[in-house]
Amino acid sequence: MEKTVALELKNITKTFGEVVANKNVDLELYRGEILSLLGENGSGKTTLMNMICGIYFPDEGEIFVGGEEAVIRSPKDAFALKIGMIHQHFKLVDIFTAADNVILGEHMPRYSVKEEGKKAIAAANGFKPVKPAEKILWGLKLGLKLSALPFIKIGKKIKFDYLAKSRTRKITEISSRYGFDIDLKKKIYDMSVSEKQTVEIIKVLYRGAEILILDEPTAVLTPQEIDKLFAILRRMRDDGKSIIIITHKLNEVMAISDRVAVLRKGEHIATVNTAETDEKALTEMMVGKKIDLNIERAEPNDVKDRLTVRNLTVINRDGMKALDDVSFTARSGEILGIAGIAGSGQRELLEAIAGLQKTAGGDILYFDPNKEDAEVDLMQKTPVEIRDLGVRLSFVPEDRLGMGLVGNMDLVDNMMLRSYTKGRFVFVDRKNPKELAEHIVHDLEVVTPGVRTPVRKLSGGNVQKVLVGREIAAAPTVLMAAYPVRGLDINSSYTIYHLLNQQKEKGVAVIYVGEDLDVLIDLCDRILVLCAGKVSGIVDGRGAKKEDIGLLMTKLTGKEADGETKEAAL
Amino acid sequence: MTVKNEAVVSTVKRHKEPLFRLIKRTDIPIWKKWVIRIATFAVAAITAGLLFTFIIGDGAAFGTFFKELWSGSFGTERLTYIFLNNWAIMMCISLAVTPAFKMRFWNIGAEGQTLAAALGAAFVIHYFGKSLIEPVVILLMLVAALFMGMLWALLPAIFKAVWGTNETLFTLMMNYVAIQLVNFFVNLWSPGGSGTIGNLGNGSFHGLFGLPYIQNAVFVAIVTIIVFVYLKFFKHGYELEVVGESVNTAKYIGINVKKVIIRTMILSGAVCGFAGFLLVGGSPTPTINTGLVGGRGFTAILVSWLSKFSPIAMIFVAALVVFLQKGASQASDSFHLGASSAFSNIIIGIFFLMIIACEFFIDYQIKFRKKEGK
């Protein structure tokens, strides 16, 4: 099979201040292939792609599209070169329908009255009238034609702007060609994440993109939805489109791509054929050293009920049930995983337990190990009240720098968040927090210029180490962690898994909210699956199947499911 | 062939690298920062001097300008005392707005808070000045001033904390309420309805430490230390910083955000109140009028921001502002540029525009397009 180059990058370098995001990157993309761009967080994948679609401009290097050098200064330039990107965060108008979003921003093909008039005159000049009557008729005809031009323009405009039927037809054509399963008349706010993504893809195809770039498209999808997406990507590839897919999930790389390009610290390490490599080799290229990808899982021992949630209901600001009748028990010496599509109530659940979220009903009970497992009611308590009750509850929130830590404060002051009330009299005590900060920096190998550095200057992995370190330092009996490895590189992720396992072995009841089902299955003893605020199942971590969890994430089982669909229909 | 060449030429023409780009500096050495700042200051001074020379239309005025600029604050002993007094008031109001700003509570009502406090002090003098002994009057003035300052700050704070109203608009409006109240009382108290009050007569503690105006500077120095310690070493200072940085974090660790907002604004108002007290009682001739604070409540916002909320830096920034005000008006007076403060405002404007702009160049680097032919 003959390969033609669709896109070529030569020697691309991009720096942000002191930070080198990309350095001398060369990359080739052929027509009709799927190329995976693999790399850890911060390895410069997104920056590189942003340069191809005109969001950033490279400091050095050239981009060739279809063999010719192209200078891409804006997304408009990229569109003109038939390059389309599907971003991680969708850019859709919520109150519009799918079709409206696709055609939004498209301009009417140029129609200039002046030029059309010139054309008409030129065409008429070919005619040589002989008889005077013919001459008059000729003049009248031309005059009529010229004076009609502005009206034709208005007509075209009306047709284009208000009678979008012809364009909708084109969209339907595209979606049936690639097998998209979507209702074009549906409003965006009624759509699931996967449907929104589909709209984004159709939008790009509608604009005639030949090169598609997808930035972490699978991060928010269930296993079933991923399969569907991959099928569509394959169909597009067979249709001759070139696709770049950014990801850091190895199994997906293996499943979908024809070739893999690996980036590490902004540099292009290698491009290999997927068929000729394996996950281990790819990891090694990505990280730069050998790494053990197995997560240890010890058998839980001395298991006791530590925290019981019964019939918990939370109503959010819009008056919707964010949590509906949720019941479960977290046990000491166990890691309880919580799975679910983003926004299924995970945040509300943890915040309700931590005393940050108003609850509408139910019970949250804690069994105090220091008081012979006496029952403590945590319902409707503030974080301070919970602390004063002697409940050692630690919480690693999802939003690290917006909630767990203060980005502009240094490590010491961030340690103080938990301990500042302990200072003598009205003064704060910075001595103990300083020791704690130094301790954490040393034990967890936090890379920082010093304990007086603002945490926002640290990398994502180090920020998380500081946060988890602080929460663990409080010697918790319950440790809740929401997406603790999101955005972390592989090494840091494994450090966090290891820390959670250590806590589990110490007899802490660990609650882990995660998005990577493979990790949940490897790490957790039990997995609770949330679907639209309800518990759709609790499965054993050992022997659980990804597909089963995926199904639980999208639909409720048994009778409840029927009720739910009826409610949704209303 | 020719067609293809044309195509290439047109792409080059159509697409050019942007003319310049801004790059955020991550770390710039401290000495470089200060070189930029001092250079900016020099450029601002020269620009102001040239402008002055241009207005006067005499080349010799350039040198005179700098002489007058200096002598405005340090020309005579008396001017130096006045400079100190002005510094004290400016500093005090700047200190007052700082805790609120650190909490990201945009209190632009320092003008009104100070004026309301001054009114409180004047009220005490007017009604009790003749009947009570001086120390009691002064003590009552202090209490009244603090009360009024706190009240003016407390109202927007409660509305913000409980109902989430916009504090910027609220504090701004409170300024006008204070001004109108002062207007009302001045008319009420003025002899024969003249609309102005002269010396209220009693309630002055001017010259407390033997030297003119020095007492204000001494008191403000103490306030500076208190605010510095409060912000840096008090639990309260830590709490308000967390609230300012992130309300979510504050809630997460169990800080009562409403309480912190109200408490901090009470403090802010109290310090403004103290400034109002100094404005009335610290003067040899205590009086009250709507222009008593003279816009310093607004200038204080600038001072606080430029010193990045550090009370130590504020000492110098406040001094600089007062120095420029005094010097520029001295220069304009000596050349009879009119009684209005227009010229001195222009000079101050030149300086601050450049100083603020220079902070931009400290934070960002400008990179121009490389020359063609690479």
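The values are calculated or read from the model by the stated rules, or taken from the named source; none is laboratory data. Computed from a predicted structure; not experimentally measured. Methodologically, a virtual Cβ is constructed for each residue, glycine included, from the backbone with ideal geometry; neighbour enumeration extends over all protein chains shown.
Of the residues A:170, A:119, which single one is more than 31 Å from the chain's Cα centre (by Cα) and of a type in the set (D, E, K, R)?
On the way: A:170 fails: more than 31 Å from the chain's Cα centre (by Cα).
Unique residue meeting the criteria: A:119.
Going through region A:72-81 one residue at a time, which ones are away from chain B (no Cβ under 11 Å) and of a type in the set (A, V, I, L, M)?
Selection gives A:78 alone.
Among the numbered criteria (1) more than 16 Å from residue A:463 (Cα to Cα); (2) within 11 Å of chain B (Cβ to nearest Cβ), which single criterion is violated by residue A:449?
(1)
Filter region A:7-37 down to the residues that are on the phi < 0 side of the Ramachandran plot and assigned to a loop (DSSP other than H, G, I, E, B), then identify the one that is nearest to the chain's Cα centre (by Cα). Steps first, please.
First, pick out the residues of region A:7-37 that are on the phi < 0 side of the Ramachandran plot: A:7-10, A:12-16, A:18-23, A:25-31, A:33-37.
So of that shortlist, the ones also assigned to a loop (DSSP other than H, G, I, E, B) come out as A:18, A:31, A:33.
Values: A:18: 27, A:31: 27, A:33: 23 Å.
Applying the filter and picking the extreme gives A:33.
Taking the stated definitions as given, is residue A:434 buried (at least 17 other Cβ atoms within 10 Å of the Cβ), assigned to a loop (DSSP other than H, G, I, E, B), among the basic types (Lys, Arg) and over 30 Å from the mean Cα position of the chain (by Cα)? Don't jump to the end; show me each part of the working.
Working: buried (at least 17 other Cβ atoms within 10 Å of the Cβ): yes; assigned to a loop (DSSP other than H, G, I, E, B): no; among the basic types (Lys, Arg): yes; over 30 Å from the mean Cα position of the chain (by Cα): yes.
No; evaluated as a whole, the condition is false for this residue.
Can residue B:326 be described as under 25 Å from residue B:50 (Cβ atoms) and under 17 Å from the mean Cα position of the chain (by Cα)?
Numbers: under 25 Å from residue B:50 (Cβ atoms): yes; under 17 Å from the mean Cα position of the chain (by Cα): yes.
Answer is yes for this residue.
Are there any strands (runs of 3 or more DSSP E) wholly within region A:499-549 with 1 or more residues that are surrounded by fewer than 22 Cβ atoms within 10 Å (Cβ to Cβ), and if so which?
Working: elements: A:509-513, A:526-531, A:534-540.
Output list reads A:526-531, A:534-540.
Condition first: modelled with pLDDT of 85 or more, farther than 21 Å from residue A:519 by Cβ and outside any strand (DSSP E or B). Now tell me which residues in region A:286-308 satisfy that.
Across region A:286-308, the qualifying residues are A:303, A:304.
Quick one: in region A:362-390, of everything that is among the aliphatic types (A, V, I, L, M) and not in a helix (DSSP H, G or I), which residue is surrounded by the fewest Cβ atoms within 10 Å (Cβ to Cβ)? It would help to see each step written out before you state the result.
Applying the first criterion (among the aliphatic types (A, V, I, L, M)) to region A:362-390 yields A:364-365, A:374, A:376, A:378-379, A:384, A:386, A:389.
In the following step, the residues that additionally are not in a helix (DSSP H, G or I) were identified as A:364-365, A:374, A:376, A:378-379, A:389.
Numbers: A:364: 21, A:365: 16, A:374: 10, A:376: 17, A:378: 22, A:379: 16, A:389: 15.
Result: A:374.
So residue A:440 clears everything in (1) among the hydrophobic types (A, V, I, L, M, F, W, C); (2) more than 12 Å from chain B (Cβ to nearest Cβ); (3) crowded, with 21+ Cβ neighbours inside 10 Å; (4) part of a strand (DSSP E or B) except one condition, right? Which one?
Unmet for residue A:440, out of (1) among the hydrophobic types (A, V, I, L, M, F, W, C); (2) more than 12 Å from chain B (Cβ to nearest Cβ); (3) crowded, with 21+ Cβ neighbours inside 10 Å; (4) part of a strand (DSSP E or B): (4).
Of the residues A:40, A:69, A:62, only one is touching an Asp or Glu at 6+ places or on another chain (Cβ under 6 Å), within 14 Å of chain B (Cβ to nearest Cβ) and either touching a residue at least 40 places away in the same chain (Cβ under 8 Å) or at positive phi (or both); which? First the steps, then the outcome.
Values: A:40 fails: within 14 Å of chain B (Cβ to nearest Cβ); A:69 fails: either touching a residue at least 40 places away in the same chain (Cβ under 8 Å) or at positive phi (or both).
Sole residue among the options that is touching an Asp or Glu at 6+ places or on another chain (Cβ under 6 Å), within 14 Å of chain B (Cβ to nearest Cβ) and either touching a residue at least 40 places away in the same chain (Cβ under 8 Å) or at positive phi (or both): A:62.
Would it be correct to say that residue A:348 is touching a residue at least 24 places away in the same chain (Cβ under 8 Å), more than 14 Å from every other protein chain (Cβ to nearest Cβ) and assigned to a helix (DSSP H, G or I)? Show your work before the answer.
Working: touching a residue at least 24 places away in the same chain (Cβ under 8 Å): yes; more than 14 Å from every other protein chain (Cβ to nearest Cβ): yes; assigned to a helix (DSSP H, G or I): yes.
Against the criterion (touching a residue at least 24 places away in the same chain (Cβ under 8 Å), more than 14 Å from every other protein chain (Cβ to nearest Cβ) and assigned to a helix (DSSP H, G or I)), residue A:348 qualifies.
Going by the structure shown, is residue B:61 within 14 Å of chain A (Cβ to nearest Cβ) and either modelled with pLDDT under 85 or in contact with a helix residue (DSSP H, G or I) (Cβ under 9 Å, 6 or more places away or on another chain) (or both)? Explain how you work it out, then say what you get.
Details: within 14 Å of chain A (Cβ to nearest Cβ): no; either modelled with pLDDT under 85 or in contact with a helix residue (DSSP H, G or I) (Cβ under 9 Å, 6 or more places away or on another chain) (or both): yes.
No; evaluated as a whole, the condition is false for this residue.
For residue A:324, all conditions in the list (1) in a helix (DSSP H, G or I); (2) in contact with a Ser or Thr (Cβ under 9 Å, 6 or more places away or on another chain) hold save one; what is the number of the exception?
Answer for residue A:324: the failing condition is (1).
Of the residues in region A:400-420, how many are without any contact (Cβ under 8 Å) to a residue 40 or more places away in the chain and more than 7 Å from chain B (Cβ to nearest Cβ)? Full working, then the answer.
Initial filter on region A:400-420 (without any contact (Cβ under 8 Å) to a residue 40 or more places away in the chain): A:402-403, A:413, A:416, A:419-420.
Applying the additional criterion that residues be more than 7 Å from chain B (Cβ to nearest Cβ) yields A:413, A:419.
Final tally of qualifying residues: 2.
Of the conditions (1) more than 25 Å from residue A:492 (Cα to Cα); (2) outside the structural domain of residue A:553 (by TED's automatic domain parsing), residue A:280 fails just one. Which one is it?
(1)
Yes/no matrix, rows are residues, columns are (1) modelled with pLDDT of 85 or more; (2) more than 27 Å from the chain's Cα centre (by Cα); (3) within 14 Å of another protein chain (Cβ to nearest Cβ):
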residue: B:1; (1), (2), (3): no, yes, no
residue: B:16; (1), (2), (3): no, yes, yes
residue: B:31; (1), (2), (3): yes, no, no
residue: B:43; (1), (2), (3): yes, no, no
residue: B:76; (1), (2), (3): yes, no, no
residue: B:92; (1), (2), (3): yes, no, no
residue: B:95; (1), (2), (3): yes, no, no
residue: B:98; (1), (2), (3): yes, no, no
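Is region B:265-283 home to any residue that is in contact with a helix residue (DSSP H, G or I) (Cβ under 8 Å, 6 or more places away or on another chain), assigned to a helix (DSSP H, G or I), more than 14 Å from every other protein chain (Cβ to nearest Cβ) and under 30 Å from residue A:358 (Cα atoms)?
Taking every residue of region B:265-283 in turn, at least one turns out to be in contact with a helix residue (DSSP H, G or I) (Cβ under 8 Å, 6 or more places away or on another chain), assigned to a helix (DSSP H, G or I), more than 14 Å from every other protein chain (Cβ to nearest Cβ) and under 30 Å from residue A:358 (Cα atoms).
Output the residues belonging to region B:227-258 that are basic (Lys, Arg), facing chain A (nearest Cβ under 8 Å) and within 18 Å of residue A:423 (Cβ to Cβ). Show your work before the answer.
Narrowing region B:227-258 to residues basic (Lys, Arg): B:232, B:235, B:251, B:258.
Checking which are facing chain A (nearest Cβ under 8 Å) leaves us with B:235, B:251.
Scanning region B:227-258 gives a single hit, B:235.
I need the full set of residues from region B:209-226 which are under 15 Å from residue B:274 (Cβ atoms) and either more than 14 Å from chain A (Cβ to nearest Cβ) or at pLDDT below 80 (or both), in order please. Break it down stepwise before answering.
Keep residues of region B:209-226 that are under 15 Å from residue B:274 (Cβ atoms), which gives B:215-226.
Passing the criteria: B:215, B:216, B:217, B:218, B:219, B:220, B:221, B:222, B:223, B:224, B:225.
Restricting region A:173-201 to residues that are of a type in the set (Lys, Arg) and in a helix (DSSP H, G or I), which is nearest to residue A:99 (Cα to Cα)?
To start, the set of residues in region A:173-201 that are of a type in the set (Lys, Arg) comprises A:177, A:185-187, A:196.
Among the residues that remain, those that are also in a helix (DSSP H, G or I) are: A:177, A:196.
On the way: A:177: 16, A:196: 12 Å.
Result: A:196.
Looking at A:64, A:90 in this structure, which one is part of a strand (DSSP E or B) and surrounded by 15 or more Cβ atoms within 10 Å (Cβ to Cβ)? I'd like the intermediate steps shown before the answer.
Values: A:90 fails: part of a strand (DSSP E or B).
Being part of a strand (DSSP E or B) and surrounded by 15 or more Cβ atoms within 10 Å (Cβ to Cβ) holds for just one of A:64, A:90, which is A:64.
Please go through (1) in contact (Cβ under 8 Å) with a residue 40 or more places away in the chain; (2) farther than 18 Å from residue A:88 by Cα; (3) in a helix (DSSP H, G or I) for residue A:170 and return the number of the only condition it doesn't satisfy.
Of everything listed in (1) in contact (Cβ under 8 Å) with a residue 40 or more places away in the chain; (2) farther than 18 Å from residue A:88 by Cα; (3) in a helix (DSSP H, G or I), residue A:170 misses just condition (1).
Scan region A:416-431 for residues that are out of contact with any Gly (no Cβ under 9 Å at 6 or more places or on another chain) and either under 26 Å from residue A:488 (Cβ atoms) or crowded, with 21+ Cβ neighbours inside 10 Å (or both) and jot them down.
Step one: of region A:416-431, the residues out of contact with any Gly (no Cβ under 9 Å at 6 or more places or on another chain) are A:418-420, A:422-427, A:431.
The answer is A:418, A:419.
Out of A:381, A:358, A:304, which single residue is farther than 30 Å from residue A:490 by Cβ and touching a residue at least 60 places away in the same chain (Cβ under 8 Å)? Break it down stepwise before answering.
On the way: A:381 fails: touching a residue at least 60 places away in the same chain (Cβ under 8 Å); A:358 fails: touching a residue at least 60 places away in the same chain (Cβ under 8 Å).
Result of the check over A:381, A:358, A:304: A:304.
One residue is enough: does region A:354-368 have a residue meeting the conditions basic (Lys, Arg), assigned by TED's automatic domain parsing to the domain that holds residue A:549 and at pLDDT below 90?
As a first pass, look at region A:354-368 and keep what is basic (Lys, Arg): A:358.
Okay, now just the ones that are also assigned by TED's automatic domain parsing to the domain that holds residue A:549, so A:358.
Now narrow it down to the ones that are at pLDDT below 90: A:358.
Checked region A:354-368: at least one residue is basic (Lys, Arg), assigned by TED's automatic domain parsing to the domain that holds residue A:549 and at pLDDT below 90.
Please indicate, with yes or no, whether at least one residue in region A:258-272 is assigned to a helix (DSSP H, G or I), small (Gly, Ala, Ser) and surrounded by 13 or more Cβ atoms within 10 Å (Cβ to Cβ).
Within region A:258-272, the subset assigned to a helix (DSSP H, G or I) is none.
So far as region A:258-272 goes, no, none of its residues is assigned to a helix (DSSP H, G or I), small (Gly, Ala, Ser) and surrounded by 13 or more Cβ atoms within 10 Å (Cβ to Cβ).
Test residue A:229 against the criterion of being modelled with pLDDT of 85 or more, under 17 Å from the mean Cα position of the chain (by Cα) and surrounded by fewer than 22 Cβ atoms within 10 Å (Cβ to Cβ), and give yes or no. If you could, list the steps in order and put the result at the bottom.
Values: modelled with pLDDT of 85 or more: yes; under 17 Å from the mean Cα position of the chain (by Cα): yes; surrounded by fewer than 22 Cβ atoms within 10 Å (Cβ to Cβ): yes.
Criteria met by residue A:229.
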